[in-house]
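Presented below is the structure to which this report refers.
What follows draws every value from the coordinates through simple rules; no lab data is involved. Source: prediction; values computed, not measured. Positions of Cβ are backbone-derived with ideal geometry, glycine not excepted, and every protein chain shown enters the neighbour counts.
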Amino acid sequence: MRGMEGIDGGGKAGKLSRPERILREIVSESIPVMAQIIQELAEETLESTKEYLKNLIGMPEKREELVGLQNRLERRSDLSKEALSKCQKDQLEILVAVKMGLASFISGKVKLPPNELVEIFLYMRCRNVNCKSILPVDDCDCKFCSANKGFCSSCMCPVCMNFDCANNTCSWVGCDVCSHWCHAACGIQKNLISPGPSLKGPKGTTEMQFHCIGCNHASEMFGFVKDVFVCCAKDWGLETLVRELDCVGKIFKGSDDFKGKELHVKAEELLSKLENKIIFPSDACNIIIQFFNYADSISDFPASSVSAKELMPTEASLRKDDAPLPPATLPPKYAFYNMNSSSGRRDSLNDHHRNNLKAALLGN
Ligand SMILES: [Zn+2]
Ligand SMILES: [Zn+2]
Ligand SMILES: [Zn+2]
Ligand SMILES: [Zn+2]
């Protein structure tokens, strides 16, 4: 297996494939020199270089080689805004893809204007092509946004620093105050989701909360997952419903309060019934939503003499009840990706532009 020693050692350079060599040159050579060379490359050579990079990004076993290229970029001091704006289009896309470790910039599916690519490269804009927010989002000066280059509070998780296109889900939890988001799984792993003193209830009672890394605020979780289910569960298939119930079960696992404990039990119970095909997804969906409404309608803090069974309606009685779902407002992340989906235009203008550029440069 070839490592990064090939690029410096010289001895192994002869073994490099053409796309591999071109990629290394783009990462190492000065911008004007490579811009000129790329102009003269055949279209298929350029395509095979992008293909090679896509594999590098997509295959975990190639990670070391990608990191080698990233380190090399990191060491360069000539990649200013001005210098980058003189890049040839494919050159710029390749540089951004290497630096961010994301194939979306060379996929051909989303073509970003050069100024946006430059801003992404310089961490001035979010690298998620479905987001592209100017950073820091809303000029946030929280300790997390200001300390982490390239972090986007609209779409990234502060624990793992990743983003995904998940929406309408309990797998991301949000802060009520600063609207920063976090994977539920990451939050659980880092103990950011845990029981805390109830914000609205009587003194001494607790509820499950998400503790925000950005602003230290604790956001209540029961109402949050309720909103997600009430708004979105009717559109979920079996697979999504199972995944979401599993997530709810995990979020409320360590609950100290009655509602949280009951929700944990309910989610686990429905999960096992769904997995054993004892109930239909639509019934499970109705049962959990009715549970949410019921739990909110009763006292949050029942006397200890009242057993959970007495408080909970039976499933048979729930199934009969086909009351329409109450409206609820969605937290920001839910509308987010939908809002941006129209920006994923694919246009042939960029090829046109490139050809013009090529012709212009070669004509000089
Ligand atoms: Zn922030
Ligand atoms: Zn973003
Ligand atoms: Zn995460
Ligand atoms: Zn916050």
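Things to note:
- The residue of segment 176-203 that is farthest from Asp257 (Cα to Cα), among those that are part of a helix (DSSP H, G or I) and in contact with a helix residue (DSSP H, G or I) (Cβ under 7 Å, 6 or more places away or on another chain), is Ala184.
- Residues that are surrounded by fewer than 19 Cβ atoms within 10 Å (Cβ to Cβ) and either touching a residue at least 60 places away in the same chain (Cβ under 8 Å) or in contact with a Gly (Cβ under 8 Å, 6 or more places away or on another chain) (or both), drawn from segment 254-270: Gly254, Asp256, Glu268
- Complete set of residues in segment 159-181 that are touching a Lys or Arg at 6+ places or on another chain (Cβ under 9 Å) and within 12 Å of ligand 1 (Cβ to nearest atom): Ser179, Trp181
- Checked against the criterion of being among the acidic types (Asp, Glu) and closer than 21 Å to Pro113 by Cβ, the candidates Glu51, Glu64, Glu82 yield just one match: Glu82.
Residues checked against (1) buried (at least 17 other Cβ atoms within 10 Å of the Cβ); (2) within 12 Å of ligand 2 (Cβ to nearest atom); (3) closer than 19 Å to Pro32 by Cα:
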| position | (1), (2), (3) |
| --- | --- |
| Ser80 | no, no, yes |
| Gln88 | yes, no, yes |
| Ile94 | yes, no, yes |
| Ile106 | yes, no, no |
| Arg127 | yes, yes, no |
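- Within segment 23-138, helices (runs of 4 or more DSSP H) holding 3 or more residues that are within 28 Å of Cys165 (Cα to Cα) and within 25 Å of the chain's Cα centre (by Cα): 43-58, 63-75, 89-100, 114-121
- For the condition closer than 25 Å to Leu92 by Cα, within 16 Å of ligand 4 (Cβ to nearest atom), in contact (Cβ under 8 Å) with a residue 40 or more places away in the chain and of a type outside the set (Asp, Glu), Cys131 does not qualify.
- Residue in segment 210-232 that is in contact with an Asp or Glu (Cβ under 6 Å, 6 or more places away or on another chain) and without any contact (Cβ under 8 Å) to a residue 24 or more places away in the chain present: no
- Within segment 153-166, considering residues that are over 10 Å from His180 (Cβ atoms) and in a loop (DSSP other than H, G, I, E, B), the one nearest to ligand 2 (Cβ to nearest atom): Cys155
- Among the conditions (1) within 14 Å of ligand 1 (Cβ to nearest atom); (2) of a type outside the set (A, V, I, L, M); (3) more than 15 Å from Asn216 (Cα to Cα), Cys186 misses just one, which is (1).
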